[in-house]
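First comes the structure, then the notes that go with it.
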Amino acid sequence: MNDGRFAGIPAFEAAALLLVPLVVLGIHWMRSPRTAARGNALGAAGMLGFILVTLAGRGLLADPMVWVGLAVGAGVGIVLALRVRMIQMPELVALFNGIGGAASAVVALLALRAAVPVPPPAPRVAAFLATGIGTLTFAGSLIAVFKLARWLPSRPVAFRGHATLCLALLGGLLALAGIGAASAGGGAYRVAAAVIPAAGLLFGVLFMVRVGGADMPVSISLLNALSGVAAAVAGFAVGNPVPVAVGAMVGTGGLMLTRIMCRAMNRELGDVLAGRLADAAGAAETPAEAGPSEPARDPADLLAAARRVAIVPGYGMALAQAQPAVKRLFDLLEKRGVEVVFAIHPVAGRMPGHMHILLAEVNLPYERFLELDEANARLPETDVALVVGANDVVNPSAGTVEGTPISGMPILRVTEARAVVVCNLDRSPGYAGVPNPLYDAPKTTLCLGDAAQTLSALADALAAQPASA
Amino acid sequence: MNALFWVVLFAGTAAVGYRVLRAVPALLHTPLMSGMNALSGITVLAALAALGAARGEGPWPRTLAALAVALAMANVVGGFLVTHRMLRMFGRRGNGEEPS
């Protein structure tokens, strides 16, 4: 039994580790949009290699159930990947986070029940933990999908004792893993194996319903990390090194994005998870009803006279499907010799990088996409900041009003531009529920309504203007 | 068992992963996440092993293991494919040069 093994691992599985550098190189190539597609293909090739080695090494090639499982999964994956619209990417990524967690949980559960000669303590604890992490990732991700798809309200749902219950569940999960691991195959072991999945599911639901909509980019990144951690821990439970290595990288990637998103909102991860929001809309004072201080300027005149324009996209652009109108306006402005950039806040949209893919989809040049700091440095020299369906990320009260979900969040300082044109649906507060005084600023011209229509009208009006530049 | 091996494996790949991951620009964070979805489907290896090991047992372990294989495989195939769909948009002709 010991020959052909390395550190207790079958030799072919240890050898499969040699394919891990392919995955690393693949991620390395994701550093530039020119090489990223190649990197993704390399990662896929590595994965194919892992699967083939496993099939051959474990003598599974002639097992029909194996092929049914692989084919059904591949089929579902293909349908989902081809049918999803770019605007739905957050839902799809959240769904995949959940599916990955579920797969790891099932694997870990099987390792627990198949433990007739009970596995040694460390893998046993790992199997219990992977069951817990996998189930909570699954349940939490489904709640995220429901919130993103608006099948559930996106605002945080909390009840009295919510935090206590969550902490108790988390403690219970750990205790169960300990108890189960300590009792070598007895009744307690079976009870723990039965209760952990239920506790994990309940915890996943409870902790995600409490997370508010504005925190979705953070939560979705965290669930991404957890799906990797679940895979790594499950890999350890069954003594397979490849999931440990690859899962560790996924966990790292998710955590890195979680940190970036938290920093972009100036929030602590713990506060996000604990749903510490203060009471959202109530805390923010309603801005004084300032009447129009100047006669409303025509936004097309503003754009026609501009030399530098910054477009600030938000999730409202996606909802209105206004990207083609943005592209048309961009082309018109370019033709007039106007310098146009896109100022993209890290948490605009519902997930990291959401705005970038929506704009790239309509062929807008990504070298014009500026990040927060770059954009803020440029806004004072910008003639017109054109806000398209963005709200929280340009809300000046983030810096002036305490106790709101966005307090302290670094924003795109559009008011530093010479003029601001806002093409939002209405004046209602954004996802975070905080009223936006930008709407009443003297510099601001409002074009309320469906952004696809208001932008098209703006483009028509601009096209009718004589070229001045 | 060789505990050190596992700790080094986990921490080492996490560290190497961090070095390459943090170089990925915000522009590509969504494809990065869907690529990570595909990689989290690596559980398919453990699921395949479980399916093989459950031979000769009742139908339930086999069915559950096959379900795990299908779930993980949906992640693998769907994740890589949707990532490819997105990255093709960035690689398109007329979409400018690499940003500095």
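For the stretch A:349-384, a drop of 20 Å² or more in accessible area on going from the chain alone to the assembled protein chains (1.4 Å probe) is found at A:Met351, A:Pro352, A:Gly353, A:His356, A:Ile357, A:Ala360, A:Glu361, A:Asn363, A:Tyr366, A:Glu367, A:Glu371. Averaged per residue, chain A has 39 square angstrom of accessible surface, using a 1.4 angstrom probe with ligands and nucleic acids left out.
Taking the alpha carbon gyration tensor of the stretch A:424-469, multiplying each eigenvalue by 5 and rooting it gives semi-axes of 27, 14, 7 Å, largest first. Using the Karplus relation 6.51 cos²θ - 1.76 cosθ + 1.60 with θ = phi - 60°, the per-residue 3J(HN,Hα) values for the stretch A:196-213 come to 4, x, 5, 5, x, 4, 4, 4, x, 5, 4, 6, 7, 5, 7, 7, x, x Hz, with x marking Gly and Pro.
Projecting the Cα atoms of A:Pro153, A:Ser104, A:Ala139 onto the charge dipole of the stretch A:85-277 (Cβ charges, centred on the Cα centre) puts A:Pro153 farthest toward the positive pole.
To the nearest 10, the accessible area of A:His28 is 70 Å² with a 1.4 Å probe.
Return the equivalent ellipsoid semi-axes of the stretch A:7-136 as a descending list in whole Å, where each equals the square root of 5 times an eigenvalue of the C-alpha gyration tensor.
Details: eigenvalues 158, 85, 58 Å².
For the stretch A:7-136, the ellipsoid semi-axes come out as 28, 21, 17 Å.
What does the convex hull of the Cα atoms come to per residue for chain B, in Å³?
114
For the stretch A:82-98, 3J(HN,Hα) computed residue by residue from phi via the Karplus equation (6.51, -1.76, 1.60; θ = phi - 60°) reads 7, 8, 5, 8, 4, 5, 9, 4, x, 4, 5, 5, 4, 4, 5, 4, x Hz, glycine and proline entered as x.
Distances between placed amide hydrogens fall under 5 Å for A:Val312 paired with A:Ala343, A:Leu386, A:Val387, A:Val388, all partners being 5 or more residues away or on another chain.
Give me the dipole magnitude in Debye, nearest 20, for the protein assembly as shown about the Cα centre, with unit charges on the beta carbon: positive for Lys and Arg, negative for Asp and Glu. Could the numbers behind the result be given before it?
Values: 41 positive and 33 negative charges, 273 e Å.
In debye, rounded to 20, the protein assembly as shown gives about 1300.
The string of couplings for the stretch A:446-456 from the Karplus curve (6.51, -1.76, 1.60, θ = phi - 60°) is 9, 10, 7, x, 4, 4, 4, 7, 5, 5, 5 Hz, one whole number per residue in order, with x for Gly and Pro.
Please give me, ordered by residue number, the GluC sites (Glu not before Pro) of the stretch A:334-432 that lie in loop per DSSP and have at most 14 other Cβ atoms within 10 Å. The qualifying sites are A:Glu402. Treating each Cα of chain A as one equal point scatterer and applying the Debye formula with no solvent, the log10 of I(q)/I(0) at q = 0.05, 0.13 Å⁻¹ comes out as -0.23, -1.18.
Note on the stretch A:298-339: Kirkwood radius taken over Cα pairs, Stokes-Einstein applied at 4 °C and 1.567 mPa s, translational D equal to 117 µm² s⁻¹. Qualifying trypsin sites (Lys or Arg not before Pro) in the stretch A:66-164, where qualification requires a DSSP coil assignment and no more than 11 other C-beta atoms within 10 Å, comprise A:Arg150, A:Arg160.
Run through every distinct alpha carbon pair of the stretch A:85-277 and return the Kirkwood hydrodynamic radius in angstroms, one decimal place. Averaging 1/r across every pair of different Cα atoms and inverting gives 16.7 Å. Each Lys and Arg adds +1 at its Cβ and each Asp and Glu adds -1 at its Cβ; summed about the Cα centre, the stretch A:1-146 shows a dipole of about 320 debye.
Dividing the summed helix terms, -39500 (n - 2.57) for each DSSP H run of n ≥ 4, by the number of residues in the protein assembly as shown produces a 222 nm estimate of -20000 deg cm²/dmol to the nearest 500. Each other residue within a Cβ distance under 11 Å of A:Glu91 adds +1 if Lys or Arg and -1 if Asp or Glu, for a net charge of +4. As a size descriptor, the averaged projected area of the C-alpha convex hull of the stretch A:296-464 was calculated at 8.5 nm². Against chain A, whose longest principal axis is taken from its Cα atoms, helix A:20-29 shows a tilt of about 0°.
For the stretch A:1-83, the equivalent ellipsoid derived from the Cα gyration tensor has semi-axes of 27, 22, 7 Å, listed largest first. Between the residues A:Ile51, A:Ile406, A:Met261, the greatest Cα displacement towards the positive end of the dipole of chain A, with unit charges on the Cβ of Lys, Arg, Asp and Glu, is found for A:Ile51.
The values are calculated or read from the model by the stated rules, or taken from the named source; none is laboratory data. Because the structure is predicted, anything quoted here is derived from the model rather than measured. Cβ atoms come from the backbone with ideal geometry, glycine included; neighbour counts cover every protein chain shown. The area values use the complete protein model at the heavy-atom level, side chains included, leaving out ligands, DNA and RNA. Shrake-Rupley method; radii C 1.70, N 1.55, O 1.52, S 1.80 Å.
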